[in-house]
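Working notes for the structure below.
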Amino acid sequence: MDEQPLTAPKHRVPASYLGREMDDLAERLNLAKIEDALYFPKYFQIETIRHCNARCPFCAVEQWDMSQPLMRDPLFDKIVEELADYTEWVECVNMTRSGEPLLDKKIGRRIKRVKDAGIKFVSLTTNASLLNEKRGREILEAGVDQLLISMDSVDKEEYESMRVRLDFDTVVDNIKQFFRLRDAVRPETLIRVRAICPHPEKPERQEAMRRWKAFWEPHAGPDDWLQIKPLHNWGNAKVWDAEDDGAYSDDEIDIDPCIVLWSTMHITAMGTVPLCPHDTDADVMLGDINKNSIADVWRGDAFQAVRDKHGHGRRNEISFCVGCRSFDPKHGTIELDG
């Protein structure tokens, strides 16, 4: 944690302001006080595989460390055994981090292991390119509670320029089929179709997203979500296009503490614990589940050091955190005009 700050606050942040922000985090986590969050993570992203069959230009996939692409069974077993001791506390386990989880041939069995351990809500995030009937039935019968589907455009040319290597028609057919399969096999499973929208301020992008929403609305159930999210730059590691130089203006620099540090543990396929989902290769290393328990890492000095920076208005001393609003509820979803 010896990174140099990319920017510094223009003035001292009032302690009263930060205190209110910390109270707000506790409320969002349904806790009496924020210190209660140190008991154990409420949320997890577990990366069972870090391969991807797409090469999206807005993703940092080309920068990933691929030295150990698949989580080994002993490590996965250790994680599940530790989760089993906290089933009343843990709110959600997402069996995805970096990569396409349906490339993991064991993903169905692994979902079932987590469900059998007593975790009440298990989620998966996919680009749906491999979501054929066989794989869809497999994850539904394993007990997946939520499927997050990344699907950015209903225009074939635009989609294939954004999700490079994927076939638009296959993905659309897979998603439509999964809606029907869900209704037949496990109706309680939630489906969240999500789009990434570059330059949402442009009228043509607003119109494209309205068409996207209208395309999927007839397929979605009453509890399903259709969500449009802004692009992010992977913790200042990725530039999307020539119109986005990756820099943030002064009015975009934030000092609010990020909820992720008190809510969510991310575990890579190698077992390392990074700062957040944008810290793909654990450049900010917070622990190693091969060597320590989840609880010990969560309460450890490295985690506490970054929490202290966020809690005292010094988050911009961490390069990944400068300008990041990915987990700010005021900026997480794009509302369409009109």
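Which residues, counting only those in segment 167-180, are of a type outside the set (Ser, Thr, Tyr) and assigned to a helix (DSSP H, G or I)?
The answer is 168, 169, 171, 172, 173, 174, 175, 176, 177, 178, 179, 180.
Here 100, 133 are screened, and the one residue that is over 19 Å from residue 289 (Cα atoms), open to solvent by 50 Å² or more (accessible area, probe 1.4 Å) and not polar (S, T, N, Q) is 133.
Checked against (1) open to solvent by 70 Å² or more (accessible area, probe 1.4 Å); (2) on the phi > 0 side of the Ramachandran plot, residue 222 passes all but condition (2).
Quick check on segment 6-13. Is at least one of its residues of a type in the set (A, V, I, L, M, F, W, C), at pLDDT 95 or above and surrounded by fewer than 12 Cβ atoms within 10 Å (Cβ to Cβ)?
Scanning segment 6-13 turns up no residue that is of a type in the set (A, V, I, L, M, F, W, C), at pLDDT 95 or above and surrounded by fewer than 12 Cβ atoms within 10 Å (Cβ to Cβ).
Could you tell me whether residue 45 is of a type in the set (S, T, N, Q), within 18 Å of residue 282 (Cβ to Cβ) and surrounded by 16 or more Cβ atoms within 10 Å (Cβ to Cβ)? Answer is yes for this residue.
Scanning segment 20-45 for residues that are of a type in the set (Lys, Arg), in a helix (DSSP H, G or I) and free of Cβ contacts under 8 Å to residues at least 60 places away in the same chain gives a single hit, 20. The set of residues in segment 67-90 that are touching a Phe, Trp or Tyr at 6+ places or on another chain (Cβ under 6 Å) and within 16 Å of residue 116 (Cβ to Cβ) contains only 86.
Residue by residue, here is whether (1) exposed (fewer than 14 other Cβ atoms within 10 Å of the Cβ); (2) out of contact with any strand residue (DSSP E or B) (no Cβ under 9 Å at 6 or more places or on another chain); (3) of a type in the set (D, E, K, R); (4) closer than 17 Å to residue 56 by Cβ holds:
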position	(1), (2), (3), (4)
161	yes, yes, no, yes
173	no, yes, yes, no
178	no, no, no, no
182	no, no, yes, no
188	yes, yes, yes, no
192	no, no, yes, no
197	no, no, no, yes
209	no, no, no, no
215	no, yes, no, no
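Which residues, taken from segment 198-227, are more than 18 Å from residue 128 (Cβ to Cβ) and not in a loop (DSSP other than H, G, I, E, B)?
Residues of segment 198-227 that are more than 18 Å from residue 128 (Cβ to Cβ), as a first pass: 198-211, 214, 222-223.
Across segment 198-227, the qualifying residues are 203, 204, 205, 206, 207, 208, 209, 210, 211, 214.
Within segment 87-114, the residues that satisfy the criterion of being in contact with a helix residue (DSSP H, G or I) (Cβ under 8 Å, 6 or more places away or on another chain), over 12 Å from residue 45 (Cα atoms) and part of a helix (DSSP H, G or I) are 102, 107, 108, 109, 110, 111, 112, 113, 114. When segment 302-324 is limited to residues that are part of a loop (DSSP other than H, G, I, E, B) and either open to solvent by 70 Å² or more (accessible area, probe 1.4 Å) or at pLDDT 90 or above (or both), the one that is farthest from residue 195 (Cα to Cα) turns out to be 312. Cβ separations smaller than 6 Å between residues 6+ apart or across chains give the following pairs from segment 202-231 residues that are of a type in the set (A, V, I, L, M) to residues that are open to solvent by 40 Å² or more (accessible area, probe 1.4 Å) and assigned to a loop (DSSP other than H, G, I, E, B): 209/336; 231/240.
Can you name the residue in segment 115-166 that is basic (Lys, Arg) and assigned to a helix (DSSP H, G or I) and is also farthest from residue 91 (Cα to Cα) among such residues?
Across segment 115-166, the extreme among qualifying residues is 156.
The values are calculated or read from the model by the stated rules, or taken from the named source; none is laboratory data. Since the model is a prediction, treat every value here as computed from it, not as a measurement. No Cβ is skipped: glycine too gets one built from the backbone with ideal geometry, and neighbour counts run over all protein chains shown. For accessibility, only protein heavy atoms count, side chains too; no ligands or nucleic acids. Shrake-Rupley method; radii C 1.70, N 1.55, O 1.52, S 1.80 Å.
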